[in-house]
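Inspection log for the structure reproduced underneath, given as structure tokens.
Bear in mind these aren't lab numbers, they're just calculated from the coordinates by the rules spelled out. Worth saying up front: this structure is predicted, and the values here are computed from it rather than measured. Positions of Cβ are generated from backbone atoms using ideal geometry, with glycine treated the same way; all protein chains shown enter the neighbour counts.
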Amino acid sequence: MIAFVDLKAQYLSIKDEINTAIFKVLDSTQFVLGNEVAALEEEFAAHCHADYSVAVNTGTSALHLALLAAGIGPGDEVITVPFTFVATVAAIDYTGAKTVFVDIDPVSYTIDVTKIEKAITPKTKAILPVHLYGQPADMDPIVEIARRHGLVVIEDAAQAHRAEYKGRRIGSIGDIGCFSFYPGKNLGAYGEGGIVVTSNPEYAQTIRMLRDWGQERKYHHVLKGYNYRMDGIQGAILRVKLRHLDAWTEARRAHAALYDQLLADSGLTTPAVMPYSHHVYHVYAVRTPQREKLQQHLHEQGIQTGIHYPIPVHLQPAYSDLGYKSGDFPHSELAAREVLSLPMYAELTSVQVRTVAETLQGILPGVTVS
Ligand SMILES: *Cc1c(COP(=O)(O)O)cnc(C)c1O
């Protein structure tokens, strides 16, 4: 059996460090926020080359508070893509603002920057690009368009820890960056977690208050806030894991390079790496019109795969109120029918990558496993 993601393999590789960090929090009884979370905030801001970060309980909360700090609410519009995890759109919806979709570029799977300006109206307040699969969106044109129209740029970096755009860490290229620490993400907690990154002191201060009941200090509520605080144990775990992120990212990139090589003549479309990007392969998605057949074949041979994502958000029943219909975003709709995510995690071995390729040879004779 080859798992799609093996969280146990990673835990076993750092078990002693993790267990020590958890027991330290238990001894300190700083179960919510506390020193470990504060230290994580400093280390993660430095990691992103940003001035501030604020740890929260999920990536969705990170997006929600980023949007609120940017002043977004009912009557406003936020531009994003339909080919993303639903949380991107849910967060916009929580603020009362309306999501306006722009299709993806079919090669990068990130927002088609040539279509953004046509979607801007007097109500538009922000652009929310998603660094899908771990590949940065084309940020320079996005920031340039935003500056020209007075819009805020909020990066959905939930899948792209440590990715780079033209040599700069993502999360600090727009005005605010939002990360998820869901266990399966490239940097994952042992429970839920998220973080907001910014170099704007006002945004940071507002987000810090909003995550903790809008308090300026204890029981002084200056804003209507939320309970979006990070657990102390998650903070401690994430500090340990952040130290391994470079090595884990390199391992993912090596697996991707091997898949690329073995599948080069397979007839599958392997992930395109844009010239501006340092891709961190949260997901290694190939593309084929025979997706269901491939997935079934791999499943029968004990190889787990995923589909990210089978239905674009504009066609989800929950968001039918946005008024979109089938055919509105052809690149997103076709990608949703054709993408297939192969096993990908740092602890995967090259033998396992070769086994996946060999198994694909059964239906794709062009796969070369020498
Ligand atoms: C995982 C994810 C989120 C939400 O993060 P949670 O921590 O699960 O709330 C948002 N956007 C994208 C693109 C994601 O992949």
Quiz prompt | Distance between region 71-117 and region 198-235 - C-alpha centres, whole angstrom | solution = 25 Å
Practice problem: Would you please state which residues of region 333-348 a label at A247 would reach in this model, taking the label point 7 Å out along Cα→Cβ and a backbone N cut-off of under 18 Å? | Solution: 345-348
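Do any trypsin sites (Lys or Arg not before Pro) in region 259-330 lie in a loop, going by DSSP, with at most 12 other beta-carbon atoms within 10 Å of their beta carbon, and if so which?
Details: sites: R287, R291, K293, K325; in loops: K325.
Qualifying residues, ordered by number: K325.
How much net charge surrounds V197 when only the other residues with a Cβ under 11 Å from the Cβ of V197 are counted, with Lys and Arg +1 and Asp and Glu -1? Don't skip to the end; give the middle numbers.
Working: positive: R169; negative: E41, D51, E155, D175.
My count for the surroundings of V197 gives -3.
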Exercise. Please tell me which of these pairs span more than 29 angstrom C-alpha to C-alpha: K125/K224; K115/K224; K185/K218; K98/K218; K125/K241; K8/K98?
Key: K115/K224; K185/K218; K98/K218; K125/K241; K8/K98
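Work out, in µm²/s and without decimals, the Stokes-Einstein translational diffusion coefficient of region 122-165 at 20 °C, 1.002 mPa s, Rh from Kirkwood over C-alpha pairs.
Values: Rh = 10.9 Å.
Answer from the Stokes-Einstein relation: 197 µm²/s.
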Quiz item: So for the pair A119, I14, with labels modelled 7 Å out along Cα→Cβ, what separation do we get in nm?
Solution: 3.4 nm
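For region 245-361, take the convex hull of the Cα atoms, compute a quarter of its surface area, and give me that in nm², please. Each step should come with its number before you reach the end.
Numbers: hull surface 35.6 nm².
That works out to 8.9 nm², a quarter of the Cα hull's surface.
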Practice problem: Only loop residues by DSSP count here, and only those with at most 11 other Cβ atoms within 10 Å; note down the chymotrypsin sites (Phe, Trp or Tyr not before Pro) in region 39-96 that meet that. | Solution: none
Practice problem: Report the FRET efficiency, 1/(1 + (r/R0)^6), for E144 and S28, where r is their Cβ-Cβ distance and R0 is 45 Å, rounded to 0.05. | Solution: 0.45
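Once you have the Cα-Cα distance between S326 and T349, take 0.36 nm times their residue separation minus that, and quote the gain in nm to one decimal.
Details: separation 23, 0.36 × 23 = 8.28 nm, distance 4.03 nm.
Stretched fully, the S326-T349 segment lengthens by 4.3 nm.
How much length would be gained if the chain were fully extended between E216 and Q261, taking 0.36 nm per residue of separation minus their Cα-Cα distance, in nm to one decimal? Mind dumping the intermediate values first?
Numbers: separation 45, 0.36 × 45 = 16.20 nm, distance 5.44 nm.
Contour length minus the Cα-Cα distance gives 10.8 nm.
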Self-check item: Rg ratio (alpha-carbon, reference 2.2 N^0.38 Å) - the chain
Solution: 0.99
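Going through region 123-159, which trypsin sites (Lys or Arg not before Pro) have at most 14 other Cβ atoms within 10 Å and a DSSP loop state?
Numbers: sites: K123, K125, R147, R148; in loops: K123.
Answer in residue order: K123.
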Quiz prompt | For A66, net neighbour charge (Lys/Arg +1, Asp/Glu -1) across residues whose Cβ lies under 10 Å away | solution = -3
Quiz item: Can you give the charge dipole size of the chain about its Cα centre, rounded to the nearest 20 debye, using +1 on the beta carbon of Lys and Arg and -1 on the beta carbon of Asp and Glu?
Solution: 280 debye
Quiz item: Based on the alpha carbon coordinates of region 108-204, what radius of gyration and maximum Cα-Cα distance (Dmax) apply, in Å?
Solution: 13.6, 43
Self-check item: Net charge of Cβ neighbours under 11 Å - reference R291; Lys, Arg +1; Asp, Glu -1
Solution: +1
Quiz item: To the nearest 20 debye, what is the magnitude of the charge dipole of region 133-180 about its Cα centre, counting +1 on the Cβ of each Lys and Arg and -1 on the Cβ of each Asp and Glu?
Solution: 140 debye
Self-check item: Computed [θ] at 222 nm, helices only, for the chain once each DSSP H run of length n ≥ 4 contributes -39500 (n - 2.57)
Solution: -11000 deg cm²/dmol
Exercise. With +1 on each Lys and Arg Cβ and -1 on each Asp and Glu Cβ, and nothing else charged, work out how big the dipole of region 245-361 is about its Cα centre, in Debye to the nearest 20.
Key: 100 debye
